[in-house]
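The values are calculated or read from the model by the stated rules, or taken from the named source; none is laboratory data. All figures in this text were calculated on a predicted structure; none of them were measured in a lab. Every residue, glycine among them, receives a Cβ derived from its backbone with ideal geometry; neighbour counts consider all protein chains shown.
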Amino acid sequence: MAGPLGDRSISKNVKCIAGDDSDIIRRIRRLLCAHLAFEKDESTVLRKLGELERLLQADGSLANEVKRAGQVQTIDKLQSHPSYLVYSQAASILLRFFGGIYEDEM
């Protein structure tokens, strides 16, 4: 089954994106597209957040790419999602990989 980043595995994605900044930013934007913050389907949002979390765990330096792509705000907005599970996972990602950065601090 192909994930939001294509049909390659997470480890291959991390290796593949290491050298090309524009490719990294494109992949992050595709994963955390702007409308994700308004997505009501809990399973879709949790799947994408899980994929992001796995990428960040595999290569912590990708957090800087998420910041550079302007996608921390999307994660921050997900803390207002009606699903507690989405809120919880978004808050966990922010605390773990971004030091608890919130939109008004950026």
Problem set entry | Pairs where the first residue, in segment 20-39, is assigned to a loop (DSSP other than H, G, I, E, B) and the second is modelled with pLDDT under 75 and buried (at least 18 other Cβ atoms within 10 Å of the Cβ), C-beta under 7 Å, 6+ apart | none
Problem set entry | Selection status of residue 63, modelled with pLDDT of 85 or more, at negative phi and either part of a helix (DSSP H, G or I) or among the β-branched types (Val, Ile, Thr) (or both) | yes
Exercise. Taking residue 30 and the conditions (1) modelled with pLDDT under 75; (2) touching a Pro at 6+ places or on another chain (Cβ under 7 Å); (3) charged (D, E, K, R), which numbered condition does it fall short on, given that it satisfies the others?
Worked result: (1)
For this session: Test residue 11 against the criterion of being surrounded by fewer than 15 Cβ atoms within 10 Å (Cβ to Cβ), under 20 Å from residue 64 (Cβ atoms) and at pLDDT below 50, and give yes or no.
Result: yes
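With respect to residue 43, determine if the residue is modelled with pLDDT of 90 or more, more than 22 Å from residue 100 (Cβ to Cβ) and surrounded by fewer than 14 Cβ atoms within 10 Å (Cβ to Cβ). Step through it out loud before you land on a result.
Details: modelled with pLDDT of 90 or more: yes; more than 22 Å from residue 100 (Cβ to Cβ): yes; surrounded by fewer than 14 Cβ atoms within 10 Å (Cβ to Cβ): yes.
Judged against the criteria, residue 43 is a match.
Within segment 66-85, restricting attention to residues that are assigned to a loop (DSSP other than H, G, I, E, B) and polar (S, T, N, Q), which residue is surrounded by the fewest Cβ atoms within 10 Å (Cβ to Cβ)?
83
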For this session: Name every residue in segment 46-63 that is under 16 Å from residue 100 (Cβ atoms) and surrounded by fewer than 18 Cβ atoms within 10 Å (Cβ to Cβ), in order of residue number.
Result: 53, 60
